[in-house]
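One structure below.
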Number of protein chains: 2
Amino acid sequence: MPHTQTYATPTRELQFILHEWLDAATGLQELPSHAGIRRNDIDELISALGHFAEDEVAPLNAIGDTEGCSFHDGQVTTPAGFREAYASWCAQGFPRLTAAREDGGRALPNVMTNLVIELVGSANHSWLMYASISRGAYECIRANGNAQQRALYLPRLASGAWTGSMCMSETLAGTDVGLLQTSAAPQADGSYRLTGLKRMATVSEHDFGENIVHLVLARIDGAPPGSRGISLFIVPKFLPDANGDAGERNSAHCEGLEDKMGIRGTPTCWLRFDGATGFLLGEANKGLQAMFVMMNIARLATGMQGVNQSERGYQVAADHARHRLQGRSARGSAPGHEADPLIVHADVRRMLFTQKAWLEAGRAFGYWLALQVDRAQAHPDADARHDADELVALLTPVFKAFSSDNGYACTTLAQQIMGGAGYLGERGVDQFIRDVRVAQIYEGANGIQGQDLLGRKVLADGGDRLARFQRHVAASMAHIEPDSSLRPFADSVLQLGERIGAQVPRIAARATANPDQVGASGQSFLRLLGLQVYGWLWTEMARVAQPQADFSSFHAAKLATARFYFAYLFPEAEHHLRVIDIDADVLMTADETLF
Amino acid sequence: MPHTQTYATPTRELQFILHEWLDAATGLQELPSHAGIRRNDIDELISALGHFAEDEVAPLNAIGDTEGCSFHDGQVTTPAGFREAYASWCAQGFPRLTAAREDGGRALPNVMTNLVIELVGSANHSWLMYASISRGAYECIRANGNAQQRALYLPRLASGAWTGSMCMSETLAGTDVGLLQTSAAPQADGSYRLTGLKRMATVSEHDFGENIVHLVLARIDGAPPGSRGISLFIVPKFLPDANGDAGERNSAHCEGLEDKMGIRGTPTCWLRFDGATGFLLGEANKGLQAMFVMMNIARLATGMQGVNQSERGYQVAADHARHRLQGRSARGSAPGHEADPLIVHADVRRMLFTQKAWLEAGRAFGYWLALQVDRAQAHPDADARHDADELVALLTPVFKAFSSDNGYACTTLAQQIMGGAGYLGERGVDQFIRDVRVAQIYEGANGIQGQDLLGRKVLADGGDRLARFQRHVAASMAHIEPDSSLRPFADSVLQLGERIGAQVPRIAARATANPDQVGASGQSFLRLLGLQVYGWLWTEMARVAQPQADFSSFHAAKLATARFYFAYLFPEAEHHLRVIDIDADVLMTADETLF
């Protein structure tokens, strides 16, 4: 029997982030395409998505984990209730939130559609994957498709009638997609015939909707080897007929499903293309670039997954700690009490505060980044667009890796607080760990994010993006008065920024002599920048909370958590400031036979 | 289908630890009861256990995870092959290794029987649990039983004909066993009738052997509340008849099994005692003390579990990193190579080295501690016994918590190196994570170990035990010559010892005013002492390896890993040296409604 799970929309937290701190509605007024959005629109979206999340998909989360998807005779059956929830999702128009107006969409800004990722993903990440991949396919076709392709596919994806699927990996081509072997043979009519076996293809076969639009990476016959010879194709499960309806079955067939540690309600497919008809999407041999449209969205969503699962774990752990009577306070129990709630113990509070500190700063980071994406896309001023774009480029790998690593730590702490009951999976805590674990692996493993950050985002431009971010932080911290009790927080953040900045020329010098230095220092660099970002966010949140902290326990909690963050978590930087200064030789000179 | 798993006994590593470094055979000569043991005896035991581990239980590890145990009509069926492996285990006389000679045992020292825990536990931790609990029951009856109880139960447990079971937890009594409600009503014949429902009772019902000997915590009618009123009882599944054979079925019945995140081949039972006949073991109301006999053994075994699962993960990850061709070296690939093995990447090496560094120091720690237990039990000199006993008392919570926390990190890194395939559980890596996770929770959750260490083991004796350990370290580091290239390692270890020592009076002063300080600082104190212990061990291992490192890649790897440890892992101390100095108010002043 699946354990009972419940999810409560963190409405108050979202109001704090989106209204009190970020003031997103005011920020959006600067962007002409979103200038009509009011606070009330944001609140209504929180409410609508919250109901769907709590009532329609949260109850399916444990079922998805227990039942998984099943495969029989080429057909995939999704867990009980998933299909009906998808029908409801479409009937309520949710797939249209992110789509363009000309495709029947509402074209909401990212700072709002991030609510879809948070609320639906928190409630049931496995279920969200179906919707997420469809959105990704939509964005990819919108960015790369010709007029005919856009007219055919986009409205159908926007309504949810058709769903999307991504087919990238093969047995010999995972992280290194350039090694793929699926081939595409040009046909006289301009189409291609694709042949090959894809694996780890997410939601590429299921029982939702009328058609599945596979986006498939393959090599056109005669194209160069490696990543320079990869093209992207649209391969519909059913070939559209003259009316644009799902017609003849294409020869792309699921051959089985993978068993996985988590996200077990999502089908991960083996998909065989047996001369399947495909249509080139974008330019030949530019398939990777075409697909990169989706990579930033996917990495931001993956960072949110770290937040989401942490929220799930925290809800359970905090409730357990407040109500489970076990053991006695170090100060002695109240008379007549046989036992105290776990929350009287300092170490339990350390674990709860750790979760709050990572989780709430992660949420702030996610919505702030989403707003920067909106500014980069829609601000009328080119400098403002460029500024936002640079910040997003720098901080996306940080959010993806830092938040997912922290999410694994947080869900593990939630289980730890539950003790033996947690190991038995009560209230879903073991599922949260197993589900969030993939966020450290997919969309570019976290080690790769560290190299992307340090190599491509920091060293490649001589530290300009990093300096830009530090100017933002400095401007923000300048709002903390010299006599404010928050000034030590602000000073810590600024000082860490200087210490990180001072490392950049040192690493650059080493990396010139030894290209392995980027890999050797990348992980610590990413942790350092993440710690600084979260320090900046906690100082910001404390600044907003402080005036109300005397009479609002919600705001008092923000101040207490900021204080905890700087006392317990922020000093992790001292570890990484030492590691980052280590020469790569420590790693690289050992012969590989020593391992 | 379960994924294929293989396990290779790390014979060379064991020889290095047991012969080259610890020189256990020579050390045992000081202990009269073990003075006949030679190196060859140790090697033969490694070989015999290694064969059993590799050939008989390792192949069942994935099956245990996939099948789990099943419950039907009061009967528990263990996973395919488990029962036959147990019969073979008994036929080969393995249960006798740890038993006393008068019970038909071989009474091997702990430094050798630790090989059982490592090799069998690495191969199949779920299977080891059946043997471990039986050993625990044996030790508990041997320490607490009267002559009749010892004569009846011990030979049957020593042969493996009967197995043991521990029944402690109830729904309302987990960590806080003093809350238990199971009652024991005295009978005219001196026996008791036990009534209550136990849960999380490990291997308390299965299909091995002829009888199951439950050791059950319960409260005699009229006994005081809390932990002062708890007694320990022997409750056999089948009541022994006049010949000592398994006779009438006792009314202790399994009502079902728990589903668990890992160790799924081990049955975790609900067990109902419905007026079951039990026999008092040891003194009335002293049940917790009677059971504590097993706690140190169990904590050392739990520390080893961290080592064992790390070894499993490392074997898979190192092989994968050396053979999986994916991506290119930062220095450029060799001509004609389409891709390089993963091990060319600095960050992959960081992850491999991290596993090696935690794992190999953990193994050294485990065998060193086991030898100290032997000295504490069997040394002819009372001062030497006391010295060893104090070291064991101080360092047991460190080993339990530090090694299990590191084991979770190591298995997670092994999966990370495997990437997507790891998330699919290929070669068992996800099972290793799920199995090792429980080691952080059971036998006293790791937060409790931190409080035990700091409160009972360090502050309670004014830092005497800690100072004793530091003298051992100083004596050991004095063997590193001033001009040795290892001297910086030794100096780092000594310096960290001084910094930890300097914290003790500060924490003591704070704890006097605020008892919550022990809980607030315990986790960081434990990490600090663990980092120092591992630093000491890595310096020791490097000292032994150095003379041969120029011509032996095995020894060169030890030096390279020591260097990595001090560069990458040891500086974690800088984080915790700051946290440990934080006042508990940061955690405790927040009202519990803020969570």
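The values are calculated or read from the model by the stated rules, or taken from the named source; none is laboratory data. Worth saying up front: this structure is predicted, and the values here are computed from it rather than measured. Don't worry about glycine lacking a Cβ; one is built from the backbone with ideal geometry, like all the others, and counts go over all protein chains shown.
Could you please give the count of residues in region A:518-530 that are touching a residue at least 60 places away in the same chain (Cβ under 8 Å) and within 14 Å of residue A:569 (Cβ to Cβ)?
The number of residues fulfilling the criteria is 2.
Scanning for something hydrophobic (A, V, I, L, M, F, W, C) and surrounded by 24 or more Cβ atoms within 10 Å (Cβ to Cβ), does region A:305-313 turn up at least one residue?
There is at least one residue in region A:305-313 that is hydrophobic (A, V, I, L, M, F, W, C) and surrounded by 24 or more Cβ atoms within 10 Å (Cβ to Cβ).
Sort through B:353, B:399, B:365 and tell me the only one that's within 14 Å of chain A (Cβ to nearest Cβ), assigned to a helix (DSSP H, G or I) and aromatic (Phe, Trp, Tyr).
Exactly one residue qualifies, and that residue is B:353.
Within region B:86-123, how many residues turn out to be among the basic types (Lys, Arg) and free of Cβ contacts under 8 Å to residues at least 40 places away in the same chain?
2
Being under 25 Å from residue A:427 (Cβ atoms), surrounded by fewer than 15 Cβ atoms within 10 Å (Cβ to Cβ) and touching an Asp or Glu at 6+ places or on another chain (Cβ under 9 Å) is true for just one of A:56, A:84. Which residue is that?
From the options A:56, A:84, the qualifying one is A:84.
Got a sec? Which strands (runs of 3 or more DSSP E) wholly within region A:215-290 have at least 2 residues that are surrounded by 19 or more Cβ atoms within 10 Å (Cβ to Cβ)?
A:231-236, A:252-257, A:268-280
Being under 23 Å from residue A:396 (Cβ atoms), part of a loop (DSSP other than H, G, I, E, B) and within 14 Å of chain B (Cβ to nearest Cβ) narrows it down to one residue among A:455, A:444, A:450; which is it?
Details: A:455 fails: part of a loop (DSSP other than H, G, I, E, B); A:450 fails: part of a loop (DSSP other than H, G, I, E, B).
Unique residue meeting the criteria: A:444.
In the set A:299, A:312, A:322, which member is among the charged types (D, E, K, R), within 14 Å of chain B (Cβ to nearest Cβ) and assigned to a helix (DSSP H, G or I)?
Selected residue: A:322, the only one of A:299, A:312, A:322 that is among the charged types (D, E, K, R), within 14 Å of chain B (Cβ to nearest Cβ) and assigned to a helix (DSSP H, G or I).
When region B:540-562 is examined, which residues are found to be without any contact (Cβ under 8 Å) to a residue 60 or more places away in the chain and either surrounded by fewer than 19 Cβ atoms within 10 Å (Cβ to Cβ) or not in a helix (DSSP H, G or I) (or both)?
Within region B:540-562, B:547, B:548, B:549, B:550, B:551, B:552, B:553 qualify.
Could you check region A:563-595 and list, in sequence order, the residues that are more than 7 Å from chain B (Cβ to nearest Cβ), in a helix (DSSP H, G or I) and touching a Leu at 6+ places or on another chain (Cβ under 8 Å)?
Across region A:563-595, the qualifying residues are A:569, A:573, A:576, A:577.
What do you reckon, is residue B:239 at pLDDT 95 or above, within 30 Å of residue A:342 (Cβ to Cβ) and more than 26 Å from the chain's Cα centre (by Cα)?
Numbers: at pLDDT 95 or above: yes; within 30 Å of residue A:342 (Cβ to Cβ): no; more than 26 Å from the chain's Cα centre (by Cα): yes.
For residue B:239, the condition - at pLDDT 95 or above, within 30 Å of residue A:342 (Cβ to Cβ) and more than 26 Å from the chain's Cα centre (by Cα) - is not met.
Across region A:493-527, what is the number of residues that are surrounded by 20 or more Cβ atoms within 10 Å (Cβ to Cβ) and within 12 Å of chain B (Cβ to nearest Cβ)?
14
Taking the stated definitions as given, is residue A:120 touching a Pro at 6+ places or on another chain (Cβ under 6 Å), modelled with pLDDT of 95 or more and either under 18 Å from residue A:210 (Cα atoms) or crowded, with 24+ Cβ neighbours inside 10 Å (or both)?
On the way: touching a Pro at 6+ places or on another chain (Cβ under 6 Å): no; modelled with pLDDT of 95 or more: yes; either under 18 Å from residue A:210 (Cα atoms) or crowded, with 24+ Cβ neighbours inside 10 Å (or both): yes.
No, not satisfied.
Quick test for you: out of B:433, B:417, pick the one residue that is surrounded by 23 or more Cβ atoms within 10 Å (Cβ to Cβ), touching a residue at least 12 places away in the same chain (Cβ under 8 Å) and under 20 Å from residue B:125 (Cα atoms).
On the way: B:417 fails: under 20 Å from residue B:125 (Cα atoms).
Criteria check complete, one pass: B:433.
Quick check, is residue A:511 over 26 Å from the mean Cα position of the chain (by Cα), among the aliphatic types (A, V, I, L, M), more than 24 Å from residue A:455 (Cα to Cα) and in a helix (DSSP H, G or I)?
In short, no.
Criterion first (within 21 Å of residue B:534 (Cβ to Cβ), aromatic (Phe, Trp, Tyr) and within 11 Å of chain A (Cβ to nearest Cβ)) does residue B:408 satisfy it?
The answer is yes for residue B:408.
Before we move on, is residue B:181 away from every other protein chain (no Cβ under 14 Å), of a type outside the set (Ser, Thr, Tyr) and either assigned to a loop (DSSP other than H, G, I, E, B) or out of contact with any Cys (no Cβ under 6 Å at 6 or more places or on another chain) (or both)? Before the answer, list the steps.
Working: away from every other protein chain (no Cβ under 14 Å): no; of a type outside the set (Ser, Thr, Tyr): yes; either assigned to a loop (DSSP other than H, G, I, E, B) or out of contact with any Cys (no Cβ under 6 Å at 6 or more places or on another chain) (or both): yes.
It is false that residue B:181 is away from every other protein chain (no Cβ under 14 Å), of a type outside the set (Ser, Thr, Tyr) and either assigned to a loop (DSSP other than H, G, I, E, B) or out of contact with any Cys (no Cβ under 6 Å at 6 or more places or on another chain) (or both).
Give B:385, B:322 a once-over and let me know the one that is surrounded by fewer than 20 Cβ atoms within 10 Å (Cβ to Cβ) and either touching a Phe, Trp or Tyr at 6+ places or on another chain (Cβ under 8 Å) or under 22 Å from residue B:568 (Cα atoms) (or both).
Result: B:322 is the single residue among B:385, B:322 that is surrounded by fewer than 20 Cβ atoms within 10 Å (Cβ to Cβ) and either touching a Phe, Trp or Tyr at 6+ places or on another chain (Cβ under 8 Å) or under 22 Å from residue B:568 (Cα atoms) (or both).
Return the residues of region B:414-431 that are facing chain A (nearest Cβ under 10 Å) and part of a helix (DSSP H, G or I); say none if nothing qualifies.
Listed by number, the residues that qualify are B:415, B:416, B:417, B:418, B:420, B:421, B:422, B:423, B:426, B:429, B:430, B:431.
Could you check, for region A:204-211, whether at least one of its residues is at pLDDT 95 or above and of a type in the set (A, V, I, L, M, F, W, C)?
No.
Considering every residue within region A:56-74, establish whether at least one is in a strand (DSSP E or B) and in contact (Cβ under 8 Å) with a residue 60 or more places away in the chain.
Yes; the residues of region A:56-74 include at least one that is in a strand (DSSP E or B) and in contact (Cβ under 8 Å) with a residue 60 or more places away in the chain.
If the requirement is being out of contact with any Pro (no Cβ under 7 Å at 6 or more places or on another chain) and surrounded by 17 or more Cβ atoms within 10 Å (Cβ to Cβ), which of these qualifies: B:29, B:5? Let's see the steps before the verdict.
Working: B:29 fails: surrounded by 17 or more Cβ atoms within 10 Å (Cβ to Cβ).
One residue alone meets the criteria, B:5.
Taking residue A:294 as meeting all but one of (1) under 30 Å from residue A:371 (Cα atoms); (2) at pLDDT 95 or above, write down the number of the exception.
Result: residue A:294 passes all but (2).
Scan region B:194-213 and give yes if some residue there is free of Cβ contacts under 8 Å to residues at least 40 places away in the same chain and either outside any strand (DSSP E or B) or in contact with a Gly (Cβ under 8 Å, 6 or more places away or on another chain) (or both), otherwise no.
no
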